[in-house]
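Take a look at the structure set out below.
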Amino acid sequence: MNINTAKSVLQNTFGYADFRHQQSNIINELINGADVFTLMPTGGGKSLCYQIPAIVLQGVGIVVSPLIALMKDQVDALKLQGVKAEFLNSSQNYEEQRRVEQLIVSGNIDLVYVAPERLLSDYFLSLLDQAPIALFAFDEAHCVSQWGHDFRPEYQQLSIISSRYPNTPKIALTATADLKTREEIVQVLNLANAKIFVHSFDRANIQYRISEHKNSKEQLLRFINSEHQNDAGIVYCLSRKSVETTAQWLCEQGKTALPYHAGLATEIKDNNQQRFLRENGIIIVATIAFGMGIDKPDVRFVAHLNLPKSIEAYYQETGRAGRDGLPANTWLAYGMQDVIKLKQMASQSDGNEQFKFITQRKIDALLGYCEVSSCRRQVLLNYFGETLAEPCGNCDNCLTPPTTWDGTSAAQKALSTVYRTGQRFGVGHQIDVLTGKVTPKITSFKHDQLSTFNIGNELKAMQWQTVFRQLISMGFLAVEMDYGVLKLTEKARPLLKGECSIELKVQKYKNTKSAQNKKQSIENDLTTSELASFDKLKQQRALWAKERNVPAYVVFHDATLIDIARTAPKTLSQLLAVNGLGKTKLELYGDKIIALLS
Ligand code: ADP
Ligand code: ZN
């Protein structure tokens, strides 16, 4: 089949002028019968890669997805674009399910979303045997991997599909990059002969910012108030308890913040997720239990109040911002305790030595990323095996290069205190020694008689924490599992002996000035009259969304409304040229939009 057929679907149905990146190559392979494995970051445009072939090929495209709660929105969005799509899952009653099954068998449908356990039932498989099938798409394919954090046992049984339908094109899609996961997907889904497409992992529209925390909740509030007043965002916390207290605190400060974690009742979780998807400007405060498959395109910020477990996790979580390609912010605040906790978690983690080793390495890579003084995006992409030639200009280190100081003497004092106290104490006690604090512990261990007692008065306790944090992160100090006891590492020796020096970063607690000035905002780029149109369009969109009981972005993405506001179309054919507006939406809303703007 010819790619031009696919291109006309792209334009007429989805309203986009051109394929992005490798979309056309991927689609070309599928419509010519090949299997595909594609690795693309969130927001890269994965969905069209299987949706368009399913539309142009004979028969129905079966999309396997673990995300039952999101299927309805996905299908509603397709229907609004004039695509014959349905889902099949346990939320439907008997008649509904029969109706969809009938459509599948008759082939009078383009796309069906199913959960893996449903797909693999004998009943459903025998149904499929009678149906014309265009392709199988395995979305969130990393769920097959035991290494990944979203492992779903049902996904491993999907190998049945390959043996049962060897000649039907298959595509596996994921945004998870690491090699181990990749290998497992190919092996389990029998995709050894698949064409592989790997997309750059750079998310240029996302700004990366990391700071040390002093009072992280206050810092978060300042960040939200100064840059994201009415925006939708996600705040990640480590524990269920901190999710609840942070959500409550944000509400007390006048924000609409909803909690989400695995310990909440299913109805509450579903309700909070639905509100986040449907209402404007909701902040969801969540553990990492939240987020997979959330395809809300207009999440404007992702904040972390704790360190994520690894760079992969950080990349996944921050990646939920700005899927629509418009500017988005990510913000993380962490402190010494976070570093210690993470290091302890690494050594406590279950599993064999190799697993522990990998976990340690991942944590070290993450800490290296947090402490770096150079462009963060370069470090991030480098971790995924990509090189970015120039600094990005869109991370905190690029926007306000950090100042460093010669921390050699401070580091020597710190390390030698750890040594002299016998490598048996945690950070707090070391700082008490350095700053000459007389505590019962100091007295009982006679640490006031040490040569390092009270030699660190040039720094305040808080600043010493920063020094220790950097020393731990950079691997000069190791943290013991049980009580956070500090020990010297091999790396500490030359520093202690004065054979090398060390540069430490001066900490910034506030958002960097130039980052604030450069505040990324969509509105900034619009003229007053364009902004007025954009606001009008948003209000109208909210009504249409309500009418159909779908999230606003299912009706139109912000990017589409902005395009309309900018181009101020006067005719339907001008309106059709707008990105993200296809024929069905033109028929439904075209006249009303033109009238609204005139
Ligand atoms: P992913 O599933 O990879 O996270 P999506 O399929 O949700 O990404 O696409 C991300 C965004 O990009 C969506 O808003 C989608 O409409 C848009 N998009 C996808 N392909 C194109 C294209 N060829 N031109 C313009 N926008 C596109
Ligand atoms: Zn940068």
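Would you mind listing the helices (runs of 4 or more DSSP H) fully within segment 122-182 where at least 3 residues are farther than 24 Å from residue 40 by Cβ and open to solvent by less than 20 Å² (accessible area, probe 1.4 Å)?
Values: elements: 122-129, 153-156, 159-164.
Those helices (runs of 4 or more DSSP H) span 122-129.
Could you tell me which numbered condition residue 248 fails, if it satisfies all but one of (1) open to solvent by 20 Å² or more (accessible area, probe 1.4 Å); (2) in contact (Cβ under 8 Å) with a residue 24 or more places away in the chain?
(2)
Quick check: is even one residue across segment 397-419 open to solvent by 70 Å² or more (accessible area, probe 1.4 Å) and within 16 Å of ligand 2 (Cβ to nearest atom)?
Quick first cut of segment 397-419, residues open to solvent by 70 Å² or more (accessible area, probe 1.4 Å) only: 401, 403, 405-406, 419.
Now restrict to residues that are within 16 Å of ligand 2 (Cβ to nearest atom): 401.
Taking every residue of segment 397-419 in turn, at least one turns out to be open to solvent by 70 Å² or more (accessible area, probe 1.4 Å) and within 16 Å of ligand 2 (Cβ to nearest atom).
Restricting attention to segment 369-394, which residues are within 8 Å of ligand 2 (Cβ to nearest atom), crowded, with 17+ Cβ neighbours inside 10 Å and over 17 Å from the mean Cα position of the chain (by Cα)?
375, 378, 392, 394
I need a count of the residues in segment 497-554 that are within 30 Å of residue 409 (Cα to Cα) and either at pLDDT 90 or above or aromatic (Phe, Trp, Tyr) (or both).
9
For segment 51-105, give me each residue that is of a type in the set (Val, Ile, Thr) and within 24 Å of residue 584 (Cα to Cα).
52, 55, 56, 60, 62, 63, 75, 83, 100, 104
Enumerate the pairs (first residue in segment 12-33 and under 17 Å from residue 197 (Cβ atoms); second residue anywhere and away from ligand 2 (no atom under 16 Å from the Cβ) and aromatic (Phe, Trp, Tyr)) with beta-carbon separation below 8 Å, excluding pairs fewer than 6 apart on the same chain, so at least 6 apart or on different chains.
22/197; 25/197; 26/197; 27/19; 30/50
Which one of these does residue 43 not meet: (1) in a loop (DSSP other than H, G, I, E, B); (2) over 22 Å from residue 559 (Cβ atoms)?
Among (1) in a loop (DSSP other than H, G, I, E, B); (2) over 22 Å from residue 559 (Cβ atoms), the lone unmet condition for residue 43 is (2).
What residue, of 284, 288, is open to solvent by less than 30 Å² (accessible area, probe 1.4 Å) and out of contact with any Gly (no Cβ under 6 Å at 6 or more places or on another chain)?
Details: 288 fails: open to solvent by less than 30 Å² (accessible area, probe 1.4 Å).
From the options 284, 288, the qualifying one is 284.
Go through (1) touching a residue at least 24 places away in the same chain (Cβ under 8 Å); (2) open to solvent by 10 Å² or more (accessible area, probe 1.4 Å); (3) not β-branched (Val, Ile, Thr) and name the single condition residue 267 misses.
(1)
The values are calculated or read from the model by the stated rules, or taken from the named source; none is laboratory data. Here the structure is a predicted model, which means the values were calculated and not measured. Neighbour counts are summed over all protein chains in view; Cβ atoms, including those assigned to glycine, are modelled from backbone coordinates with ideal geometry. To get the accessible areas, we keep the full protein, side chains included, count just its heavy atoms, and leave off ligands, DNA and RNA. Shrake-Rupley method; radii C 1.70, N 1.55, O 1.52, S 1.80 Å.
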